[in-house]
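The values are calculated or read from the model by the stated rules, or taken from the named source; none is laboratory data. Quick caveat, the model's predicted, so the values are computed rather than measured. Side chains are part of the model used for accessible areas, which takes the heavy atoms of the whole protein and leaves out ligands, DNA and RNA. Shrake-Rupley method; radii C 1.70, N 1.55, O 1.52, S 1.80 Å.
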Amino acid sequence: MDELRVAAIASLAPLEDLDADPFAVDTRSQQAMCARWAEGRGYVVTRHLLVYGLRADHCGLWHDVDAGRVDLFVAANRRVLDRALHSVEEFAAECGRRGVRLETAGLDEPRYTSAMKAEVHRRLSMPTAGYDGT
């Protein structure tokens, strides 16, 4: 049997939220949590989505599903979904209609130290011309 193909959803948050909610700002950690969750189940992440307030019917969510490259969506937790999507309930209903699962990883969020926050800040505040965050 083929492995399930996963689209990992991360939410965008402004850098100003770093002190109050570092995980919401740290999209790399959100994606890593989704990857760990998928790997632990023998699934493979085939798509990374980075969104904020997207409508449930937005074609960017469904392009890879329609093309047969995604079988389920996963987000780190409900808080990420609430920020990423305009309506989680509408998106869940659309997933059900299309026969696509929607999951949350539900793993423990990292405990951010000052150094970790500084690294996220540095990565996100660098000029964007060709910088990939590594």
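I'd like the projected area of the chain, averaged over all directions, using the convex hull of its alpha carbons. Report it in nm² with one decimal. Convex hull of Cα atoms, orientation-averaged projection: 8.8 nm². Rounded to the nearest 500, the helix-only mean residue ellipticity at 222 nm of the chain stands at -12000 deg cm²/dmol, with each DSSP H run of n ≥ 4 adding -39,500 (n - 2.57).
Please quote Rg/Rh for the range 1-44 to two decimal places, taking the Kirkwood radius as Rh and restricting both calculations to Cα atoms. Don't skip to the end; give the middle numbers.
Numbers: Rg = 13.1 Å, Rh = 11.5 Å.
Rg divided by Rh gives 1.14.
A 1.4 Å probe run over the protein chains yields, for the chain, 57 Å² of accessible area per residue, whole-number rounding. In plain terms, the bigger the Kirkwood radius, the slower the diffusion; for the range 55-134, with that radius from Cα pairs, at 25 °C and 0.890 mPa s, Stokes-Einstein puts D at 163 µm²/s.
More than 13 angstrom separation, counting every C-alpha pair in the range 22-73; what % is that?
Details: 850 of 1326 pairs.
So the portion of pairs separated by more than 13 Å is 64 percent.
Using 0.36 nm times the number of residues separating ARG41 and SER114, minus their current alpha carbon distance, what extension gain do you get? List each step's numbers first, then the result.
Numbers: separation 73, 0.36 × 73 = 26.28 nm, distance 3.25 nm.
Here the segment from ARG41 to SER114 would lengthen by 23.0 nm.
Need one number: % antiparallel among DSSP beta bridges in the chain, to the nearest 5. Please report the intermediate quantities before stating the final value.
Details: 0 of 16 bridges.
If we restrict to bridges inside the chain, about 0 percent are antiparallel.
Extension gain for GLU16-VAL100 works out to 26.8 nm (0.36 nm per residue, less the C-alpha to C-alpha distance). Taking the protein heavy atoms of the chain in the context of the full set of protein chains, the accessible area attributed to carbon and sulfur is 51 percent at 1.4 Å.
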